[in-house]
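Coordinate-derived values only; no laboratory data. What you are looking at is a predicted structure, and each value in this text was computed from that prediction instead of being measured. We place every Cβ from the backbone using ideal geometry, glycine too, and count neighbours over all the protein chains shown.
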Number of protein chains: 2
Amino acid sequence: MEEKKSHLIKLINKLYRYTQSYIDEALKRFNLSSGTYQFLLVLSKNEGISQNEISKRLNVDKAMSARSVKRLMKLGYIRKGVDEEDCRACRLYLTDSAKAIIPEIIIEINKWIDIITKDSSEDEQRDAVDFLSKALMNAKGFKKSNL
Amino acid sequence: MEEKKSHLIKLINKLYRYTQSYIDEALKRFNLSSGTYQFLLVLSKNEGISQNEISKRLNVDKAMSARSVKRLMKLGYIRKGVDEEDCRACRLYLTDSAKAIIPEIIIEINKWIDIITKDSSEDEQRDAVDFLSKALMNAKGFKKSNL
């Protein structure tokens, strides 16, 4: 068990990287990458939140967040609220072109999930999501208590 | 279920990033980061393999691999085989100082696994590792068939 247990991090690392490769390829036609599409998904559920708020939700550092938001604005996928100069705090919104491709982004992600879970039962998938959700809560809890 | 299922990628992404933060902090005292320690672990089990072989095993691109190996050589953790000029193909070995810290790296990783799995039973952990292993095999299979 100890041996198996220590695989957990390696598995998460590797799956993360394979997922990145897939998404980079699948979203190339929208000029999006594994680093940027998540900003659109977060905004699609929380229009009007700030760049700093997105950083927190995605747990990415502020510099990376700034670069991604800048790129997404240049691509015409994100716009900022009127009369706001400082983009760290300003409200961000999806443009119509972002809204138009969000369903396609979700289709690509679901395709990938179907690929990697093709031989797992619904129960196994649900249990894995539950396990990973608990693990993420613990990771968040640890970070909070060590800030 | 569809809703839960789509969380899988988000969970893997987020857990990956929390794990990176933890490891960056925990291995700072060895001048290692979440990007470099894995090279040492792969080498500890496969001394003498090449930089290209490590890239493949970790599924990282060759440029990133070259940067990491260069850094690890500079830090005195990796040495290359004698009489080998081209480091893409040359055999790599751990130095004694790398060998000395590997048990401590493993302790840190196991500490993190204990933190994120603290409220999961042994069975749940084993099932999650099995699920993620299958998912990784499918990801690898997909990549191979789409090269």
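How many angstrom separate the Cα center of the stretch B:6-76 from the Cα center of the stretch A:6-54?
Centre-to-centre distance over Cα atoms comes out at 19 Å.
What would the Debye formula give as log10 I(q)/I(0) at q = 0.18, 0.19 Å⁻¹ for the alpha-carbon point model of the stretch A:2-116, no solvent?
-0.93, -1.00
Tilt of helix B:96-116 relative to the longest C-alpha principal axis of chain B, in degrees (0 to 90, nearest 10)?
Taking Cα atoms only, the helix is inclined about 10 degrees.
How far is it, in nm, from the label point at B:Ala66 to the one at A:Ile102 when both lie 7 Å from their Cα along the line to the Cβ?
Between B:Ala66 and A:Ile102, the label points sit 4.1 nm apart.
Once the Cβ-Cβ distance between B:Asp119 and A:Lys56 is put in as r, and R0 is 22 Å, what FRET efficiency do you end up with, to the nearest 0.05? Present the calculation step by step, with values, prior to reporting the outcome.
Numbers: r = 24 Å, r/R0 = 1.09.
Computed FRET efficiency for B:Asp119 and A:Lys56 comes out at 0.35.
Tell me the angle of helix A:62-74 to the major Cα principal axis of chain A, expressed in degrees between 0 and 90 and rounded to the nearest ten.
So the helix axis and the longest Cα principal axis differ by about 60 degrees.
Rounded to the nearest 10 degrees, what's the angle between the helix A:7-26 long axis and the longest principal axis of chain A, both from Cα atoms, 0 to 90?
So the inclination is approximately 40 degrees.
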